[in-house]
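Note sheet for the following structure.
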Amino acid sequence: SLIPFSIPRSYQRGEHLYSVGDVATHLPVVAEGRLKHSIPTQDGDELVLEVVQVGGICGEPGLFAREGKRIADLVALEPSLVIGIEKAGLIEFLARHPPAMLRMLEGLAEQVRSTVEDLAAVAFQDIRGRLALKLLELVGMYGSTSSSGVRIDMNLSQTTLAGMIGATRENVNRALRALSDSGHVIVSGTRIVVPDVEALRVVAGGGHLTTYRRNISRPNDVA
């Protein structure tokens, strides 16, 4: 059991769980709330690697790399309860339970594949296409059917969206407004609805929707 090695802790919105360069001592598991895993830039922007929802984990690269240092910031987006699994106990558990070790390796592989796809989108897609592709991905991960189409069930600020696709907030604002004007999305505050998933896929250049996000906990049934 991992219970003896697990430490629950509450975090307020905006509080850091760890920062770039910190020594990695625990694997965070989200029990309540949402976390943002991101790499800050020198000019104050950030690259959002992942928004981690309930049941999700993150931070394996820092935990298992030889130097043992964090390579990103982890911040609470809202009041959150996080279970920290101590590193030595986790490694001992994985060594004694090969299926769990295999699932951890699968998760790392899925994250590497999704990162490669994100880099390819930055290299080959314009901002509007990258935004459409990211929204399609979020539809697959967090979408639920509504009377207006498929609703992305997470609050998405334009700053967070910009960080997810490696763009500025201003450019994402323009791209999102263009998608809204063309009827491809419906924006209401921080909520987004996609009326026609296939039409949005055309905007994304027909690119496929990645299925390699490690923290997807249910089948992709809306895209």
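The values are calculated or read from the model by the stated rules, or taken from the named source; none is laboratory data. Note that this is a predicted model, so its numbers are computed, not measured. So basically every Cβ, Gly included, is an ideal-geometry build from the backbone, and we count neighbours across all protein chains shown. Remember, those area values only see protein heavy atoms, side chains included, never the ligands or the DNA or RNA. Shrake-Rupley method; radii C 1.70, N 1.55, O 1.52, S 1.80 Å.
Worth pointing out:
- Local charge for D181 was computed over the other residues whose Cβ lies under 14 Å away, with Lys and Arg +1 and Asp and Glu -1, and equals +3.
- Divide the volume of the convex hull around the Cα atoms of the range 1-137 by the residue count and you get 127 Å³ per residue.
- Karplus-based coupling profile of the range 183-192, in residue order and whole Hz: x, 7, 9, 10, 10, 9, x, 9, 9, 10, with θ = phi - 60° in 6.51 cos²θ - 1.76 cosθ + 1.60 and x standing for Gly or Pro.
- Crossing angle, helix 169-181 versus the chain [Cα axis fit, 0-90 degrees, rounded to tens]: 50
- Using a cutoff of 8 angstrom between alpha carbon atoms and counting only pairs six or more residues apart, the relative contact order for the chain works out to 22 percent.
- Förster-model FRET efficiency, 30 Å R0, L81 and Q42, C-beta, rounded to 0.05: 0.40
- Remark: the range 10-73 carries 51 Å² of accessible area per residue (probe radius 1.4 Å; ligands, DNA and RNA excluded).
- Gain upon complete extension [V20, V122; 0.36 nm per residue less C-alpha separation]: 34.4 nm
- Calculated FRET value between Q12 and A65, using beta carbons and R₀ = 30 Å, to 0.05: 0.55
- Under 5 Å from the amide H of L17 lie the amide H atoms of L74, V75, A76, each residue being 5 or more positions distant or on a separate chain, with H modelled from the backbone and absent for Pro and chain starts.
- Packing, taken as the mean count of other beta carbons within 10 Å per residue, orders the peptides 6-15, 80-89 from highest to lowest as 80-89, 6-15.
- Sum of side-chain charges, I71 neighbourhood, beta-carbon under 12 Å (Lys, Arg +1; Asp, Glu -1): -2
- Volume per residue that the Cα convex hull of the range 100-200 spans, once the total is divided by residue count, Å³: 110
- About the Cα centre, charge dipole magnitude for the chain (Lys/Arg +1, Asp/Glu -1 at Cβ), debye: 160
- For E46, the amide hydrogen comes within under 5 Å of the amide hydrogens of T41, counting only partners 5 or more places away or on other chains and with H modelled in the peptide plane.
- Carbon/sulfur fraction of accessible area - the chain, other protein chains in place, 1.4 Å, %: 57
- Charge sum, other residues only, whose C-beta stays under 9 Å from K36's C-beta, Lys/Arg counted +1 and Asp/Glu -1: -2
- Theoretical gain in end-to-end length, A109 to E92 [0.36 nm per residue, Cα-Cα removed]: 4.0 nm
- Given their separation in residues at 0.36 nm each and the Cα-Cα distance between them, N155 and A199 gain 13.6 nm when the chain is fully extended.
- ³J(HN,Hα), Karplus 6.51/-1.76/1.60, whole Hz, each residue of the range 137-151, x for Gly, Pro: 4, 5, 4, x, 8, 10, x, 9, 6, 10, 5, 9, x, 9, 8
- Classified by the C-alpha gyration tensor, the range 6-72 has an oblate form. Its axis ratio a/c, with a ≥ b ≥ c, is 1.5 or above, and a/b does not exceed b/c.
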